[in-house]
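Comments concern the structure below.
The values are calculated or read from the model by the stated rules, or taken from the named source; none is laboratory data. All values reported here derive from a predicted model rather than from experimental measurement. Glycine also receives a Cβ, built like all others from the backbone with ideal geometry; neighbour counts cover every protein chain displayed.
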Amino acid sequence: MKKRSLQVIITLILSALALYVALRGVNFSEVGAALQQVHLGWLLLTLGLILVTLVIRAQRWRILLGRKLSLGDTFGLINIGYLVSGVLPMRAGDPARAVAAAARGPVSVIAALSTVVVERVLDMFLIVIMLVGTLPFVPGLRAYLAGGQANGTLSFQLIIALSGILALGMLVTFILVALFPQKVEMLAQRILTRLHIPNPERWLKPVQHALDGLIALRSVRDGAAMLLWSVALWIATPLYFWMALQACQAFLPSEVGVLKAVVTTWASAFGMVFPATGGLGSFHFAVREALFWGFAIPREAGLTYAVIVHALPYLTGIILGALTLLLWGISFKSLVSNAQQVEKSD
């Protein structure tokens, strides 16, 4: 309990820090005035596209789960994950989604978690590709990132390159593990034997469940389908950011363009990496700075846009997740408690 409490406290402190950095030096009267100029028609179209991206995510996850659940189930489960991650620290949405999936069909919690990891890695790989493809066309942002340092030694460009290599390496590893499950089990059993761990069969069960979660990667058909749905997702997502730019065109000092939409897409994705609850602060800072350094958009206008593109999917996920729990008769408290038990067992 002490360890858990310390983790929560650290996450809350980081979330508060992210909000402070995102809001520091901002003229809130200008942000309020900009919000009043948002075009409601484009905003409704943007909201509709959010639902499209959720359906795409649900279909891709359904394939990863070996089609053991219906599209309606995976749609509801994804929103449950967004609900939990949106209101609780420590990114508890993923284990909560896995726990709820196990309650909905013949899927183990560990298998569901392994599919979520595959999702994250695949998304990161495509985001890095998107970043590398657009950064050369945004000289101001490229210079800003090139001048940044992590720990005074590693440049952000190197970190980006390493992220892409790591994501690709993990994808290849997942595929190899999925293709040769028996060899992985034998290796795990050999390690357990050498460590003189009693009752190794007990520890092999989680390995077997994790391998079950990678079964879709053994099929060329399913692998191609997952790739196509992933590409569709990362076409629809920049389109969402572009529609939001249209809604905000009245207070943006430059024309809406596809490049801005793609840049804000990957900038927001990297902003979500920071362990702030629901991406609050870190998301807004990343989008605001990307628009400022990349396209000379004032920080007040950039922050207003960031508030909109974050609030729409954030609130949509929370509302749909809450409705799903209500319809399925699942207690939020028990779901979170079970998810925490899964985290402890990991």
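Listing for the model above:
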{"quantity": "Number of the condition not met by I297 [criteria: (1) of a type outside the set (S, T, Y); (2) surrounded by fewer than 17 Cβ atoms within 10 Å (Cβ to Cβ); (3) outside any helix (DSSP H, G or I)]", "calculated": "(2)"}
{"quantity": "Those residues of region 238-252 which are of a type outside the set (A, V, I, L, M) and part of a helix (DSSP H, G or I), in sequence order", "calculated": "P238, Y240, F241, W242, Q246, Q249, F251"}
{"quantity": "Region 224-244: number of residues that are under 17 Å from V116 (Cβ atoms) and small (G, A, S)", "calculated": "1"}
{"quantity": "Failed item, numbered, when I235 is tested on (1) within 23 Å of L171 (Cβ to Cβ); (2) not in a helix (DSSP H, G or I)", "calculated": "(2)"}
{"quantity": "Test: A92 is touching a Ser or Thr at 6+ places or on another chain (Cβ under 8 Å), farther than 19 Å from A167 by Cα and at pLDDT 90 or above", "calculated": "no"}
{"quantity": "Single residue of V84, V52, V38 found to be closer than 14 Å to A101 by Cβ and hydrophobic (A, V, I, L, M, F, W, C)", "calculated": "V84"}
{"quantity": "Conditions (1) crowded, with 18+ Cβ neighbours inside 10 Å; (2) in contact with a Ser or Thr (Cβ under 9 Å, 6 or more places away or on another chain); (3) not hydroxyl-bearing (S, T, Y): number failed by L280", "calculated": "(1)"}
{"quantity": "Cβ pairs under 7 Å, 6+ apart, first in region 125-142 and under 19 Å from I235 (Cα atoms), second among the β-branched types (V, I, T)", "calculated": "V128/I160; M130/V262; M130/T265; L131/I160; T134/V262; T134/V263"}
{"quantity": "Filtered residue count, region 30-76, keeping only those that are within 20 Å of L228 (Cα to Cα), of a type in the set (A, V, I, L, M) and free of Cβ contacts under 8 Å to residues at least 24 places away in the same chain", "calculated": "3"}
{"quantity": "Hey, L69 at pLDDT 90 or above, crowded, with 17+ Cβ neighbours inside 10 Å and either closer than 13 Å to L312 by Cα or among the aromatic types (F, W, Y) (or both) or not", "calculated": "no"}
{"quantity": "Pair list, Cβ under 7 Å, 6 or more apart: region 217-237 residue farther than 24 Å from I50 by Cα, other residue exposed (fewer than 14 other Cβ atoms within 10 Å of the Cβ)", "calculated": "R218/L179"}
{"quantity": "Subset of region 167-193 [in contact with a helix residue (DSSP H, G or I) (Cβ under 8 Å, 6 or more places away or on another chain) and surrounded by fewer than 16 Cβ atoms within 10 Å (Cβ to Cβ)]", "calculated": "L168, I175, L179, E185, Q189, T193"}
{"quantity": "Count of region 253-293 residues which are outside any helix (DSSP H, G or I) and under 26 Å from I13 (Cα atoms)", "calculated": "7"}
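Okay, residues lined up against (1) among the aromatic types (F, W, Y); (2) surrounded by fewer than 22 Cβ atoms within 10 Å (Cβ to Cβ); (3) at negative phi; (4) in a helix (DSSP H, G or I):
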| residue | (1), (2), (3), (4) |
| --- | --- |
| M90 | no, yes, no, no |
| A103 | no, yes, yes, yes |
| V118 | no, no, yes, yes |
| D123 | no, yes, yes, yes |
